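The values are calculated or read from the model by the stated rules, or taken from the named source; none is laboratory data. It should be emphasised that the depicted structure is a prediction, and the values quoted were computed from it without experimental measurement. Heads up, the Cβs are rebuilt from the backbone with ideal geometry, glycines too, and the neighbour counts pull from every protein chain shown.
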């Protein structure tokens with residue numbers, strides 16, 4: 001996916017989860033934040049950011065904050081992008097899910113029971129569900145999810161496990177919105193219940209996958225898979 005009219009700026013503050021105040025060409029502007037997560041390790045005063053300019057009439061702001069520079073790593077924080085990246089890669093044949101192959105049907109946002117999964121797919125007689133999570137948290141070279149407790153994420157994993165028990169192929173896909181990381185792991189220190197739910201879902205037949213992205217100022221693309229360490233950071237019982 002591509003971004004047009006991307007401008008360098010500096011983050012100042014975030015008065016609420018939808019708006020960031022940034023300095024652009026010496027003036028302060030308000031930018032929409034397309035990520036309701038905390039992003040506390042990214043959105044710190046003085047951090048270099050990228051804003052996409054939207055001159056369309058009727059918008060509350062003319063800018064959207066899309067990227068944050070963290071050290072030498074450019075992090076993409078558009079939370080709507082991971083689904084688009086996965087769908088784009090599936091339709092182009094660049095992403096093949098284990099056990100499924102190339103799907104002939106890809107249907108976004110499909111209900112199964114009480115959950116609405118990001119994708120329903122069919123390949124021949126095979127039927128599958130996939131839930132996609134964007135990952136922006138990096139600690140010591142490792143990508144971690146979530147950056148804040150997510151009961152919704154736990155529910156999705158439990159419902160994926162239920163679907164797997166009914167014979168569906170089920171995938172939990174973590175799109176790491178950066179590159180050059182060592183691997184992915186659940187964020188045990190922030191939400192151990194999510195880590196436990198991921199382990200239980202895996203044991204129930206859900207297939208977790210994690211992928212890096214190639215992040216450039218004007219283009220973001222799903223890249224290769226990375227290893228998953230399910231227990232890294234987990235405090236084992238004595």
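With the condition being in contact with a helix residue (DSSP H, G or I) (Cβ under 7 Å, 6 or more places away or on another chain) and either under 30 Å from residue 50 (Cβ atoms) or assigned by TED's automatic domain parsing to the domain that holds residue 181 (or both), I'd like the strands (runs of 3 or more DSSP E) fully within the range 74-158 carrying at least 1 qualifying residues.
Ranges flagged: 105-112, 115-123, 126-135.
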Restricting to the range 22-44, give me the number of residues that are surrounded by fewer than 16 Cβ atoms within 10 Å (Cβ to Cβ), without any contact (Cβ under 8 Å) to a residue 40 or more places away in the chain and within 23 Å of the chain's Cα centre (by Cα). 1
Anything in the range 1-21 that is within 20 Å of the chain's Cα centre (by Cα), more than 15 Å from residue 76 (Cβ to Cβ) and in a loop (DSSP other than H, G, I, E, B)? List them, or say none. 17, 18
Every residue from the range 3-13 that is modelled with pLDDT under 95 and over 13 Å from residue 67 (Cβ atoms): 4, 5
Consider residue 189 against the criteria (1) in the same structural domain as residue 86 (by TED's automatic domain parsing); (2) at pLDDT below 95; (3) closer than 16 Å to residue 139 by Cβ; (4) in contact with a strand residue (DSSP E or B) (Cβ under 8 Å, 6 or more places away or on another chain): it satisfies all of them except one. Which criterion is unmet? (4)
Scan the range 203-223 residue by residue and report those that are in contact (Cβ under 8 Å) with a residue 12 or more places away in the chain and out of contact with any strand residue (DSSP E or B) (no Cβ under 6 Å at 6 or more places or on another chain). 204, 205, 216
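Residue-wise test of (1) within 16 Å of the chain's Cα centre (by Cα); (2) loosely packed, with under 13 Cβ neighbours inside 10 Å; (3) closer than 17 Å to residue 169 by Cβ; (4) in contact (Cβ under 8 Å) with a residue 12 or more places away in the chain.
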{"site": "48", "(1), (2), (3), (4)": "no, no, no, yes"}
{"site": "52", "(1), (2), (3), (4)": "no, no, no, yes"}
{"site": "57", "(1), (2), (3), (4)": "no, yes, no, no"}
{"site": "84", "(1), (2), (3), (4)": "yes, no, no, yes"}
{"site": "121", "(1), (2), (3), (4)": "no, no, yes, yes"}
{"site": "134", "(1), (2), (3), (4)": "yes, no, no, yes"}
Would you mind finding the one in 66, 61 that is in contact with a strand residue (DSSP E or B) (Cβ under 7 Å, 6 or more places away or on another chain), crowded, with 16+ Cβ neighbours inside 10 Å, in contact (Cβ under 8 Å) with a residue 60 or more places away in the chain and not assigned by TED's automatic domain parsing to the domain that holds residue 170? 66
